Amino acid sequence: MPDGLLSGVRLLDLTNVLAGPYCAYQFALLGADVIKVEAPGGDLARALGADEALNRAGMGASFLAQNAGKRSVVLDLKDAGDRAAFLDLVRSADALVENFRPGVMDRLGLGPDALRAVNPRLVYCAISGFGQTGPMRGNPAYDQIVQGLSGVMSITGTADVAPLRAGYPVADTLGGMVGAFAIAAALVRARATGQGAVIDVSMLESMLSAMGWPVSNWLTAGVVPAAMGNDNMTAAPSGTFRTGDGPLNIAANKQEQFVALAGVIGRPDLAEDPRFAGRAARKVHRAALTVEIEAALAGASAADWEARLNAAGVPAGRVLTIPQVLEEAQVTGRAMTHCFDDVPGLDRSLTVLRGGFLVDGQAPAPDRPPPRLGEHQAEVLGAAEGDR
(Lines give C-alpha, C1' and ligand atoms only; values in the text may rest on other atoms or scores of the structure.)
Protein backbone atom coordinates (compact mmCIF):
# COMPACT_ATOMS: atom_id res chain seq x y z
CA MET A 1 0.00 0.00 0.00
CA PRO A 2 1.36 3.47 -0.80
CA ASP A 3 0.51 4.83 2.65
CA GLY A 4 0.33 2.10 5.25
CA LEU A 5 -1.82 2.62 8.33
CA LEU A 6 1.34 2.51 10.45
CA SER A 7 3.63 4.57 8.22
CA GLY A 8 5.90 6.68 10.42
CA VAL A 9 5.94 4.15 13.25
CA ARG A 10 9.29 2.56 14.10
CA LEU A 11 9.27 -0.75 15.94
CA LEU A 12 12.34 -2.60 17.19
CA ASP A 13 11.94 -6.37 16.90
CA LEU A 14 14.26 -8.22 19.29
CA THR A 15 12.36 -11.48 18.99
CA ASN A 16 13.03 -15.03 17.89
CA VAL A 17 11.15 -17.90 16.24
CA LEU A 18 7.39 -17.18 16.06
CA ALA A 19 5.31 -15.28 18.66
CA GLY A 20 7.38 -12.10 18.61
CA PRO A 21 8.30 -12.15 14.90
CA TYR A 22 4.62 -12.70 14.03
CA CYS A 23 3.67 -9.75 16.23
CA ALA A 24 6.21 -7.49 14.53
CA TYR A 25 5.21 -8.79 11.09
CA GLN A 26 1.74 -7.30 11.56
CA PHE A 27 3.40 -3.88 11.84
CA ALA A 28 5.59 -4.43 8.77
CA LEU A 29 2.49 -5.37 6.75
CA LEU A 30 0.92 -2.02 7.63
CA GLY A 31 3.89 0.11 6.67
CA ALA A 32 5.81 0.49 9.94
CA ASP A 33 9.60 0.62 9.88
CA VAL A 34 10.38 -2.66 11.64
CA ILE A 35 14.04 -3.08 12.53
CA LYS A 36 14.92 -6.63 13.45
CA VAL A 37 17.72 -6.47 16.03
CA GLU A 38 19.37 -9.88 15.92
CA ALA A 39 22.05 -11.33 18.13
CA PRO A 40 25.17 -12.70 16.43
CA GLY A 41 23.98 -15.89 14.76
CA GLY A 42 20.53 -14.44 14.16
CA ASP A 43 16.96 -15.50 14.81
CA LEU A 44 16.75 -19.22 15.59
CA ALA A 45 14.05 -19.55 12.93
CA ARG A 46 16.68 -18.88 10.27
CA ALA A 47 17.69 -22.53 10.70
CA LEU A 48 14.15 -23.94 10.90
CA GLY A 49 11.90 -25.20 8.13
CA ALA A 50 11.29 -28.04 5.70
CA ASP A 51 14.10 -27.10 3.27
CA GLU A 52 17.55 -27.93 4.66
CA ALA A 53 19.35 -25.87 2.01
CA LEU A 54 17.50 -22.76 3.13
CA ASN A 55 18.24 -23.62 6.75
CA ARG A 56 21.96 -23.82 6.02
CA ALA A 57 21.77 -20.46 4.23
CA GLY A 58 20.19 -18.83 7.29
CA MET A 59 16.93 -18.25 5.42
CA GLY A 60 14.80 -21.11 6.75
CA ALA A 61 11.17 -21.35 5.67
CA SER A 62 10.07 -20.71 9.26
CA PHE A 63 11.97 -17.42 9.24
CA LEU A 64 10.70 -16.42 5.80
CA ALA A 65 7.10 -16.84 6.95
CA GLN A 66 6.94 -13.77 9.19
CA ASN A 67 9.92 -11.53 8.56
CA ALA A 68 9.25 -9.87 5.21
CA GLY A 69 9.11 -6.09 5.31
CA LYS A 70 11.73 -5.87 8.08
CA ARG A 71 15.30 -4.58 8.11
CA SER A 72 18.00 -6.59 9.92
CA VAL A 73 20.90 -5.42 12.05
CA VAL A 74 23.18 -7.52 14.23
CA LEU A 75 23.98 -6.25 17.71
CA ASP A 76 25.56 -7.99 20.69
CA LEU A 77 23.79 -6.36 23.61
CA LYS A 78 26.58 -7.42 25.96
CA ASP A 79 29.08 -5.35 23.95
CA ALA A 80 29.47 -1.71 25.02
CA GLY A 81 29.61 -0.33 21.49
CA ASP A 82 26.66 -2.33 20.32
CA ARG A 83 24.69 -1.33 23.41
CA ALA A 84 25.31 2.32 22.56
CA ALA A 85 24.08 1.73 19.01
CA PHE A 86 21.03 -0.05 20.36
CA LEU A 87 20.19 2.84 22.71
CA ASP A 88 20.43 5.20 19.73
CA LEU A 89 17.79 3.06 18.03
CA VAL A 90 15.64 3.12 21.16
CA ARG A 91 15.67 6.92 21.15
CA SER A 92 14.24 6.90 17.62
CA ALA A 93 11.71 4.12 18.22
CA ASP A 94 8.01 4.21 18.97
CA ALA A 95 7.80 0.63 20.19
CA LEU A 96 9.89 -2.41 21.03
CA VAL A 97 8.94 -6.07 21.30
CA GLU A 98 11.01 -8.84 22.86
CA ASN A 99 10.31 -12.47 23.78
CA PHE A 100 13.21 -13.37 26.03
CA ARG A 101 12.60 -15.20 29.26
CA PRO A 102 11.42 -12.80 31.98
CA GLY A 103 14.33 -10.96 33.55
CA VAL A 104 16.82 -11.28 30.69
CA MET A 105 16.53 -7.66 29.53
CA ASP A 106 16.72 -6.39 33.12
CA ARG A 107 19.93 -8.36 33.68
CA LEU A 108 21.37 -6.70 30.59
CA GLY A 109 20.43 -3.32 32.05
CA LEU A 110 18.01 -2.85 29.16
CA GLY A 111 14.67 -3.55 30.80
CA PRO A 112 11.60 -1.37 30.37
CA ASP A 113 12.52 1.10 33.11
CA ALA A 114 16.01 1.65 31.68
CA LEU A 115 14.77 2.06 28.11
CA ARG A 116 11.89 4.34 29.01
CA ALA A 117 14.36 6.53 30.87
CA VAL A 118 16.00 6.99 27.46
CA ASN A 119 12.68 7.35 25.62
CA PRO A 120 9.64 8.06 27.86
CA ARG A 121 7.16 7.58 25.00
CA LEU A 122 8.45 4.08 24.19
CA VAL A 123 5.88 1.29 24.12
CA TYR A 124 7.74 -1.75 25.47
CA CYS A 125 6.14 -5.16 24.89
CA ALA A 126 7.41 -8.41 26.39
CA ILE A 127 5.87 -11.64 25.10
CA SER A 128 6.50 -14.77 27.17
CA GLY A 129 4.89 -18.09 27.88
CA PHE A 130 3.39 -17.14 31.23
CA GLY A 131 3.97 -13.42 31.72
CA GLN A 132 6.48 -11.47 33.75
CA THR A 133 4.97 -12.38 37.12
CA GLY A 134 3.64 -15.51 38.84
CA PRO A 135 5.16 -18.83 39.92
CA MET A 136 5.62 -20.08 36.34
CA ARG A 137 7.23 -16.91 34.99
CA GLY A 138 10.69 -18.49 34.68
CA ASN A 139 9.58 -21.75 33.08
CA PRO A 140 10.70 -22.36 29.50
CA ALA A 141 7.65 -22.21 27.25
CA TYR A 142 7.20 -23.69 23.84
CA ASP A 143 3.93 -23.69 21.96
CA GLN A 144 3.08 -27.30 22.79
CA ILE A 145 3.72 -26.73 26.50
CA VAL A 146 1.31 -23.80 26.51
CA GLN A 147 -1.29 -25.69 24.46
CA GLY A 148 -1.29 -28.42 27.10
CA LEU A 149 -1.38 -26.13 30.11
CA SER A 150 -4.11 -23.92 28.62
CA GLY A 151 -6.64 -26.75 28.37
CA VAL A 152 -6.94 -26.53 24.59
CA MET A 153 -5.42 -29.99 24.09
CA SER A 154 -7.98 -31.50 26.46
CA ILE A 155 -10.82 -30.43 24.15
CA THR A 156 -9.07 -31.16 20.83
CA GLY A 157 -9.62 -34.49 19.11
CA THR A 158 -12.09 -37.18 20.09
CA ALA A 159 -12.57 -38.89 23.42
CA ASP A 160 -10.39 -41.74 22.07
CA VAL A 161 -7.42 -39.62 21.01
CA ALA A 162 -7.52 -36.50 23.21
CA PRO A 163 -5.48 -34.77 24.43
CA LEU A 164 -4.33 -33.62 21.00
CA ARG A 165 -2.35 -30.55 19.98
CA ALA A 166 -3.67 -28.19 17.35
CA GLY A 167 -2.04 -28.72 13.96
CA TYR A 168 -0.09 -25.44 14.00
CA PRO A 169 1.55 -23.31 16.74
CA VAL A 170 -1.68 -21.66 17.84
CA ALA A 171 -0.34 -20.46 21.21
CA ASP A 172 2.62 -18.68 19.62
CA THR A 173 0.41 -17.16 16.95
CA LEU A 174 -2.25 -15.93 19.38
CA GLY A 175 0.42 -14.51 21.67
CA GLY A 176 1.85 -12.56 18.75
CA MET A 177 -1.54 -11.28 17.64
CA VAL A 178 -2.44 -10.18 21.17
CA GLY A 179 0.91 -8.40 21.42
CA ALA A 180 0.33 -6.56 18.14
CA PHE A 181 -3.12 -5.41 19.24
CA ALA A 182 -1.85 -4.22 22.62
CA ILE A 183 1.09 -2.33 21.09
CA ALA A 184 -1.17 -0.62 18.55
CA ALA A 185 -3.55 0.43 21.33
CA ALA A 186 -0.69 1.78 23.45
CA LEU A 187 0.67 3.73 20.47
CA VAL A 188 -2.65 5.56 20.19
CA ARG A 189 -2.25 6.80 23.76
CA ALA A 190 1.44 7.57 23.28
CA ARG A 191 0.70 9.72 20.23
CA ALA A 192 -1.97 11.62 22.16
CA THR A 193 -0.16 12.06 25.50
CA GLY A 194 3.52 11.24 25.02
CA GLN A 195 3.14 8.50 27.63
CA GLY A 196 4.64 5.15 26.76
CA ALA A 197 3.59 1.80 28.20
CA VAL A 198 4.93 -1.54 29.41
CA ILE A 199 2.93 -4.44 27.97
CA ASP A 200 3.23 -7.91 29.49
CA VAL A 201 1.79 -10.56 27.13
CA SER A 202 1.26 -14.10 28.40
CA MET A 203 0.78 -16.79 25.77
CA LEU A 204 -1.11 -18.88 28.34
CA GLU A 205 -3.53 -16.04 29.05
CA SER A 206 -3.88 -15.30 25.34
CA MET A 207 -5.00 -18.89 24.82
CA LEU A 208 -7.46 -18.77 27.70
CA SER A 209 -8.92 -15.50 26.43
CA ALA A 210 -9.44 -17.00 22.98
CA MET A 211 -11.25 -20.02 24.46
CA GLY A 212 -14.07 -17.89 25.80
CA TRP A 213 -16.91 -20.30 24.98
CA PRO A 214 -15.56 -23.50 26.55
CA VAL A 215 -14.10 -21.62 29.50
CA SER A 216 -17.43 -19.87 30.05
CA ASN A 217 -19.25 -23.21 29.99
CA TRP A 218 -17.22 -24.14 33.06
CA LEU A 219 -17.19 -20.77 34.83
CA THR A 220 -20.86 -20.00 34.22
CA ALA A 221 -22.60 -23.34 33.70
CA GLY A 222 -20.32 -25.67 35.65
CA VAL A 223 -19.86 -27.99 32.66
CA VAL A 224 -16.38 -29.38 32.04
CA PRO A 225 -15.66 -29.04 28.29
CA ALA A 226 -14.91 -32.34 26.58
CA ALA A 227 -13.19 -33.39 23.36
CA MET A 228 -15.86 -33.83 20.68
CA GLY A 229 -13.71 -34.25 17.59
CA ASN A 230 -15.26 -32.51 14.60
CA ASP A 231 -18.68 -32.15 16.19
CA ASN A 232 -19.88 -28.74 17.34
CA MET A 233 -20.97 -28.91 20.98
CA THR A 234 -23.66 -26.26 20.48
CA ALA A 235 -25.73 -27.86 17.72
CA ALA A 236 -26.42 -30.85 15.48
CA PRO A 237 -25.99 -31.52 12.67
CA SER A 238 -22.86 -29.42 12.90
CA GLY A 239 -19.55 -31.09 12.14
CA THR A 240 -17.69 -33.06 9.49
CA PHE A 241 -19.54 -35.57 7.31
CA ARG A 242 -18.43 -38.16 4.76
CA THR A 243 -19.67 -37.70 1.21
CA GLY A 244 -19.23 -39.69 -1.99
CA ASP A 245 -15.89 -37.96 -2.48
CA GLY A 246 -14.18 -36.36 0.51
CA PRO A 247 -15.25 -34.84 3.83
CA LEU A 248 -17.64 -31.91 4.13
CA ASN A 249 -18.23 -29.55 7.03
CA ILE A 250 -21.90 -28.68 7.59
CA ALA A 251 -23.15 -26.25 10.23
CA ALA A 252 -26.94 -26.45 10.23
CA ASN A 253 -27.15 -24.71 13.59
CA LYS A 254 -30.57 -23.11 13.14
CA GLN A 255 -33.89 -24.93 12.81
CA GLU A 256 -34.55 -23.48 9.36
CA GLN A 257 -31.09 -24.59 8.24
CA PHE A 258 -31.75 -28.16 9.36
CA VAL A 259 -35.08 -28.22 7.53
CA ALA A 260 -33.36 -26.90 4.39
CA LEU A 261 -30.57 -29.48 4.74
CA ALA A 262 -33.08 -32.31 5.00
CA GLY A 263 -34.75 -31.09 1.81
CA VAL A 264 -31.54 -30.67 -0.18
CA ILE A 265 -30.31 -34.19 0.61
CA GLY A 266 -33.69 -35.68 -0.29
CA ARG A 267 -34.67 -36.60 3.25
CA PRO A 268 -37.37 -34.09 4.29
CA ASP A 269 -38.69 -36.79 6.63
CA LEU A 270 -35.75 -36.20 8.97
CA ALA A 271 -37.24 -32.87 10.01
CA GLU A 272 -40.39 -34.69 11.14
CA ASP A 273 -38.64 -37.54 12.96
CA PRO A 274 -39.17 -37.06 16.74
CA ARG A 275 -35.48 -37.84 17.33
CA PHE A 276 -34.42 -34.94 15.13
CA ALA A 277 -37.31 -32.50 15.03
CA GLY A 278 -36.01 -30.20 17.78
CA ARG A 279 -32.61 -28.70 18.46
CA ALA A 280 -32.12 -30.40 21.84
CA ALA A 281 -33.29 -33.78 20.50
CA ARG A 282 -30.82 -33.61 17.62
CA LYS A 283 -27.93 -33.16 20.03
CA VAL A 284 -29.04 -36.22 22.02
CA HIS A 285 -29.39 -38.32 18.87
CA ARG A 286 -26.38 -36.83 17.05
CA ALA A 287 -24.83 -40.19 16.11
CA ALA A 288 -28.02 -41.55 14.59
CA LEU A 289 -28.58 -38.33 12.66
CA THR A 290 -25.06 -38.47 11.27
CA VAL A 291 -25.67 -41.99 9.92
CA GLU A 292 -28.78 -40.82 8.09
CA ILE A 293 -27.12 -37.70 6.64
CA GLU A 294 -23.98 -39.52 5.50
CA ALA A 295 -26.03 -42.17 3.74
CA ALA A 296 -27.68 -39.42 1.69
CA LEU A 297 -24.42 -37.53 1.09
CA ALA A 298 -22.78 -40.66 -0.37
CA GLY A 299 -24.55 -39.98 -3.64
CA ALA A 300 -22.42 -36.96 -4.65
CA SER A 301 -19.08 -35.26 -4.06
CA ALA A 302 -18.22 -32.82 -1.30
CA ALA A 303 -17.86 -30.03 -3.86
CA ASP A 304 -21.32 -30.73 -5.29
CA TRP A 305 -22.97 -30.78 -1.86
CA GLU A 306 -21.10 -27.63 -0.85
CA ALA A 307 -22.60 -25.72 -3.76
CA ARG A 308 -26.11 -27.08 -3.29
CA LEU A 309 -26.24 -26.56 0.47
CA ASN A 310 -24.85 -23.03 0.37
CA ALA A 311 -27.36 -22.13 -2.33
CA ALA A 312 -30.10 -23.26 0.08
CA GLY A 313 -28.69 -21.16 2.92
CA VAL A 314 -27.03 -24.05 4.78
CA PRO A 315 -23.40 -23.29 5.72
CA ALA A 316 -21.16 -25.96 4.18
CA GLY A 317 -17.55 -26.23 3.08
CA ARG A 318 -15.10 -28.89 1.92
CA VAL A 319 -12.17 -29.89 4.14
CA LEU A 320 -9.19 -28.69 2.12
CA THR A 321 -5.46 -29.22 2.32
CA ILE A 322 -3.19 -26.19 2.51
CA PRO A 323 -2.18 -26.47 -1.18
CA GLN A 324 -5.85 -26.69 -2.12
CA VAL A 325 -7.02 -23.65 -0.18
CA LEU A 326 -4.18 -21.54 -1.57
CA GLU A 327 -5.51 -22.29 -5.08
CA GLU A 328 -9.10 -21.30 -4.24
CA ALA A 329 -10.43 -18.30 -6.19
CA GLN A 330 -11.67 -16.79 -2.93
CA VAL A 331 -8.08 -16.68 -1.64
CA THR A 332 -6.30 -15.74 -4.86
CA GLY A 333 -8.89 -13.11 -5.72
CA ARG A 334 -8.22 -11.22 -2.48
CA ALA A 335 -4.43 -11.39 -2.86
CA MET A 336 -3.84 -13.35 0.34
CA THR A 337 -0.30 -14.08 -0.80
CA HIS A 338 2.45 -11.77 -2.00
CA CYS A 339 5.31 -12.84 -4.26
CA PHE A 340 8.88 -11.54 -4.38
CA ASP A 341 10.64 -12.55 -7.60
CA ASP A 342 14.18 -11.56 -6.65
CA VAL A 343 15.22 -12.27 -3.08
CA PRO A 344 18.85 -11.79 -2.03
CA GLY A 345 20.17 -14.99 -0.52
CA LEU A 346 17.54 -17.21 -2.17
CA ASP A 347 17.73 -19.19 -5.39
CA ARG A 348 13.99 -18.95 -6.00
CA SER A 349 11.06 -16.60 -5.83
CA LEU A 350 9.32 -16.30 -2.48
CA THR A 351 5.61 -16.19 -1.69
CA VAL A 352 4.48 -15.05 1.75
CA LEU A 353 1.15 -14.58 3.46
CA ARG A 354 -0.21 -11.14 4.23
CA GLY A 355 -2.72 -10.22 6.98
CA GLY A 356 -6.31 -11.38 6.88
CA PHE A 357 -7.96 -8.09 5.90
CA LEU A 358 -8.13 -5.39 3.25
CA VAL A 359 -7.71 -1.66 3.85
CA ASP A 360 -9.74 0.62 1.60
CA GLY A 361 -10.10 -2.30 -0.77
CA GLN A 362 -6.37 -2.97 -0.97
CA ALA A 363 -4.34 -5.87 0.43
CA PRO A 364 -1.58 -4.69 2.80
CA ALA A 365 1.64 -6.43 1.83
CA PRO A 366 5.30 -6.23 2.89
CA ASP A 367 7.40 -3.84 0.84
CA ARG A 368 10.60 -5.89 0.96
CA PRO A 369 11.52 -9.57 1.26
CA PRO A 370 12.78 -11.10 4.52
CA PRO A 371 16.28 -9.78 5.25
CA ARG A 372 19.55 -11.61 5.27
CA LEU A 373 21.24 -11.51 8.64
CA GLY A 374 22.61 -7.98 9.16
CA GLU A 375 21.61 -6.93 5.64
CA HIS A 376 20.73 -3.37 6.70
CA GLN A 377 23.54 -2.75 9.19
CA ALA A 378 25.02 0.29 7.49
CA GLU A 379 21.67 1.61 6.31
CA VAL A 380 20.19 1.59 9.80
CA LEU A 381 23.18 2.35 12.01
CA GLY A 382 25.13 4.59 9.66
CA ALA A 383 28.72 4.52 8.50
CA ALA A 384 29.99 5.09 12.04
CA GLU A 385 28.97 1.51 12.89
CA GLY A 386 32.22 0.17 11.49
CA ASP A 387 34.34 2.58 13.56
CA ARG A 388 33.04 1.50 16.97
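The values are calculated or read from the model by the stated rules, or taken from the named source; none is laboratory data. Quick caveat, the model's predicted, so the values are computed rather than measured. Note that we place each Cβ from the backbone using ideal geometry, even for glycine, and neighbour counts take in every protein chain shown.
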In segment 119-138, the residues that are in a loop (DSSP other than H, G, I, E, B) and either surrounded by 22 or more Cβ atoms within 10 Å (Cβ to Cβ) or aromatic (Phe, Trp, Tyr) (or both)
122, 129, 130
Considering only segment 280-303, how many residues are surrounded by fewer than 16 Cβ atoms within 10 Å (Cβ to Cβ), within 16 Å of residue 238 (Cβ to Cβ) and of a type in the set (S, T, N, Q)?
0
Considering segment 55-68, residues that are within 13 Å of residue 373 (Cα to Cα) and part of a helix (DSSP H, G or I), and then whichever is farthest from the chain's Cα centre (by Cα), we arrive at 56
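Okay, residues lined up against (1) among the charged types (D, E, K, R); (2) loosely packed, with under 14 Cβ neighbours inside 10 Å; (3) outside the structural domain of residue 173 (by TED's automatic domain parsing):
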{"residue": "201", "(1), (2), (3)": "no, no, no"}
{"residue": "217", "(1), (2), (3)": "no, no, yes"}
{"residue": "220", "(1), (2), (3)": "no, yes, yes"}
{"residue": "224", "(1), (2), (3)": "no, yes, yes"}
{"residue": "231", "(1), (2), (3)": "yes, no, yes"}
{"residue": "243", "(1), (2), (3)": "no, no, yes"}
{"residue": "249", "(1), (2), (3)": "no, no, yes"}
{"residue": "271", "(1), (2), (3)": "no, no, yes"}
Residue identified as surrounded by 14 or more Cβ atoms within 10 Å (Cβ to Cβ), without any contact (Cβ under 8 Å) to a residue 40 or more places away in the chain and in contact with a helix residue (DSSP H, G or I) (Cβ under 8 Å, 6 or more places away or on another chain) among 180, 166:
166
Can you name the number of the only condition in (1) more than 18 Å from residue 24 (Cα to Cα); (2) hydrophobic (A, V, I, L, M, F, W, C); (3) surrounded by 15 or more Cβ atoms within 10 Å (Cβ to Cβ) that residue 68 fails?
(1)
Here the residues within segment 140-161 that are within 30 Å of residue 93 (Cβ to Cβ), modelled with pLDDT under 95 and not small (Gly, Ala, Ser) are 140, 142
Taking the condition of being surrounded by 14 or more Cβ atoms within 10 Å (Cβ to Cβ), in contact with a Pro (Cβ under 9 Å, 6 or more places away or on another chain) and not aromatic (Phe, Trp, Tyr), how many residues in segment 320-361 meet it?
8
In segment 336-364, anything under 22 Å from residue 62 (Cα atoms) and more than 18 Å from the chain's Cα centre (by Cα) is listed as 339, 340, 341, 342, 343, 344, 345, 346, 347, 348, 349, 350
Would it be correct to say that residue 65 is among the small types (Gly, Ala, Ser), closer than 21 Å to residue 116 by Cβ and touching a Leu at 6+ places or on another chain (Cβ under 8 Å)?
no
What is the one condition in (1) small (Gly, Ala, Ser); (2) assigned to a loop (DSSP other than H, G, I, E, B); (3) over 25 Å from residue 28 (Cβ atoms); (4) touching a residue at least 12 places away in the same chain (Cβ under 8 Å) that residue 141 does not satisfy?
(3)
Given the condition closer than 29 Å to residue 207 by Cα and in the same structural domain as residue 378 (by TED's automatic domain parsing), answer yes or no: does some residue in segment 73-92 qualify?
no
Given the residues 101, 71, 91, 116, which is the only one that is part of a loop (DSSP other than H, G, I, E, B) and of a type in the set (Lys, Arg)?
101
In segment 1-17, anything of a type in the set (Ser, Thr, Tyr) and surrounded by 24 or more Cβ atoms within 10 Å (Cβ to Cβ) is listed as 15
Among residues belonging to segment 167-226 that are touching a Cys at 6+ places or on another chain (Cβ under 6 Å) and among the hydrophobic types (A, V, I, L, M, F, W, C), point out the one that is farthest from residue 12 (Cα to Cα).
199
In segment 206-227, residues that are touching a helix residue (DSSP H, G or I) at 6+ places or on another chain (Cβ under 8 Å) and part of a helix (DSSP H, G or I) total 7
Of all residues being closer than 18 Å to residue 126 by Cα and of a type in the set (D, E, K, R) in segment 18-44, which is surrounded by the most Cβ atoms within 10 Å (Cβ to Cβ)? Just the residue, please.
36
Could you list all residues from segment 255-269 that are buried (at least 16 other Cβ atoms within 10 Å of the Cβ) and in a helix (DSSP H, G or I)?
257, 258, 259, 260, 261, 262, 264
Cβ-Cβ under 8 Å, sequence separation 6+ or interchain: first residue in segment 259-273 and without any contact (Cβ under 8 Å) to a residue 40 or more places away in the chain, partner assigned to a loop (DSSP other than H, G, I, E, B) and surrounded by 18 or more Cβ atoms within 10 Å (Cβ to Cβ). Which pairs?
270/276
Filter pass, residue 314 being without any contact (Cβ under 8 Å) to a residue 40 or more places away in the chain and under 17 Å from residue 237 (Cα atoms)
no
